[in-house]
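Comments concern the structure below.
Laboratory data are not the source of any read-out in this text; all were calculated from the coordinates shown. Only a predicted model underlies this, so the values are computations on that prediction, with no experimental measurement involved. Cβ atoms come from the backbone with ideal geometry, glycine included; neighbour counts cover every protein chain shown.
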Amino acid sequence: MSNSKNIVWHDHHVSKQQRAKLKEQKPCILWFTGLSGSGKSTIANAVELKLNELGKHTYLLDGDNIRMGLNKGLGFSDNDRVENIRRIREVSKLFVDAGLIVLTAFISPFQQERDKVRNLVEEGEFIEIFIDTPLKVCEGRDPKGLYKKARDGEIPNFTGISSPYEVPTKAEVHIKNDKMSIDECVEKIIEYLKNRRYLEC
């Protein structure tokens, strides 16, 4: 039986704004989305490294790493994918409240689920970064051998093959990863953050 009626939100004495001021940055979620093999994790890691060099406070949530702990036990059905992102958006919101710049690298194939993350935080705190890499290129890379297994029928519900990927319609940053170097991708994202004053407070 649910006891939700007995749960009351406890306000903190230290605000998100105070935490952010100490870190001299504007907290936000950098939400990297794209097909498997598109380069999400590689670019997110490179962006976090650059932010670290700039003295910013960050944390990177990566799809595979999260599934080894917090989301262990979830499969890849549509329902499990939705639950996977639901948990991630709640964790991401907590990191934003802590004053951090949180980077997430998840396929997150459904626009509705990405929009739920956007709507969970304040305006300007969600930055969707579409790593736009053609399926053919992703398959050619296939760093984990997943596309081959999916084509062979060994992996059901594989995004881009047997499960859909809904292309972002309003991404703040659009990266065509088959036409840019890693450094160029990082520069474009950092420039976006600087121009909109996320890296100062």
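A few comments on the model shown:
- Packing-based order for 54-65, 73-84, using average beta carbon neighbours within 10 Å, highest first: 54-65, 73-84
- Within straight-line cross-link reach of Lys144, aspartates and glutamates at Cα separation under 18 Å, skipping those fewer than 8 residues along the same chain: Asp62, Asp64, Asp152, Glu154
- Measuring max minus min along each principal axis, the C-alpha atoms of the range 42-139 give extents of 39, 32, 27 Å (largest first).
- Taking label points 7 Å from Cα along the Cα-to-Cβ direction, Ala98 and Leu54 give a separation of 2.0 nm.
- Formal net charge of residues neighbouring Glu139 (Cβ-Cβ distance under 10 Å; K, R +1; D, E -1): +3
- Distances between placed amide hydrogens fall under 5 Å for Leu199 paired with Lys26, all partners being 5 or more residues away or on another chain.
- Farthest toward the positive end of the dipole of the chain, out of Val82, Asn52, Val14, is the Cα of Val14, where the dipole comes from beta carbon charges about the Cα centre.
- For the pair Met180 and Lys148 in one chain, pulling the backbone fully straight at 0.36 nm per residue adds 9.0 nm over the alpha carbon distance.
- Set Lys23/Lys179; Lys72/Lys194; Lys93/Lys176; Lys148/Lys170; Lys50/Lys93; Lys21/Lys72 screened for pairs whose C-alpha atoms are more than 29 Å apart: Lys23/Lys179; Lys72/Lys194; Lys148/Lys170; Lys21/Lys72
- 20 °C / 1.002 mPa s Stokes-Einstein diffusion coefficient of the range 109-194, Kirkwood radius on C-alpha pairs, µm²/s: 145 µm²/s
- Farthest positive-ward along the range 61-139 dipole, Cα basis, beta-carbon charges - from Leu70, Gln112, Ala98: Leu70
- Charge dipole magnitude, Cβ of K and R +1, D and E -1 - the range 15-195, Cα centre, debye nearest 20: 280 debye
- In summary, the convex hull built on the alpha carbon positions of the range 15-195 has an orientation-averaged projected area of 10.1 nm².
- Span-like helix ranges in the chain, DSSP H, alpha carbon extent 18 angstrom or more, Kyte mean at least -0.5: 40-53, 182-195
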